[in-house]
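*Asks:* Quick one: the structure is below, questions incoming.
The values are calculated or read from the model by the stated rules, or taken from the named source; none is laboratory data. Keep in mind it's a predicted model, so treat the numbers as computed, not measured. Because the Cβ atoms are built from the backbone with ideal geometry, glycine has one as well, and the counts that use them run over all protein chains shown. Each accessible area value is taken on the protein alone, full model and side chains, heavy atoms only, with ligands, DNA and RNA left out. Shrake-Rupley method; radii C 1.70, N 1.55, O 1.52, S 1.80 Å.
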Amino acid sequence: QCQLSGLWRNDQDSLMEISALRNNGEFQGKYLTRVTLSGGCAHVSPLKGIQQQPGEGAWPTFAFTVRWDKFSNATTAFVGQCFVDSGGKETLTTMWLLREAVGSLKEDWKATR
């Protein structure tokens, strides 16, 4: 079974630490991004999420948000699934949407990546 709690590293060398899951599937943690909109250095930001309780033999799905604390006026939502290969290696696959604040409704078209 795949366990979300722990330390994860992505392809961009960012780190995510997820605390232990609660019985209802909720979790929280920290995200240390190496990729910033401003091109600045790495920053730690809080994350909150929930894991769907997996059925018998199923791999869990999950979702979480990261509020890019103190360095960006943006929030990112991630959704994904956790897998374990035949060698026991755990892998998270995710897709994300980043929403950056804009100054007007006319600029809304460029706010989501």
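*Asks:* Which condition does PRO60 not pass, out of (1) at pLDDT 90 or above; (2) surrounded by 16 or more Cβ atoms within 10 Å (Cβ to Cβ), if it passes all the others?
*Replies:* (1)
*Asks:* Go through the range 12-31 and count every residue that is open to solvent by 40 Å² or more (accessible area, probe 1.4 Å) and either polar (S, T, N, Q) or under 11 Å from the mean Cα position of the chain (by Cα) (or both).
*Replies:* Initially, the range 12-31 is screened for residues open to solvent by 40 Å² or more (accessible area, probe 1.4 Å), giving 12-13, 17, 19-24, 26, 28, 30.
Filter again for either polar (S, T, N, Q) or under 11 Å from the mean Cα position of the chain (by Cα) (or both), leaving 12, 17, 19, 23-24, 28, 30.
Residues meeting the conditions: 7.
*Asks:* Right, something else. Pairs under 9 Å by beta carbon, first residue among the small types (Gly, Ala, Ser) in the range 12-37, partner open to solvent by 70 Å² or more (accessible area, probe 1.4 Å) and modelled with pLDDT of 90 or more, six or more apart or different chains?
*Replies:* SER19/GLN28; SER19/LYS30; GLY25/ILE50; GLY29/GLU17; GLY29/LYS48
*Asks:* OK, next. Say whether the condition of being in a strand (DSSP E or B) and at pLDDT below 80 is met by at least one residue in the range 1-16. Don't jump to the end; show me each part of the working.
*Replies:* Let us first name the residues in the range 1-16 that are in a strand (DSSP E or B), namely 6-9, 15-16.
With at pLDDT below 80 added as a condition, the list becomes none.
No, the conditions are met nowhere in the range 1-16.
*Asks:* Something else: Take the conditions among the aliphatic types (A, V, I, L, M), at pLDDT 90 or above and closer than 25 Å to ARG113 by Cβ and apply them to VAL66. Does it pass?
*Replies:* yes
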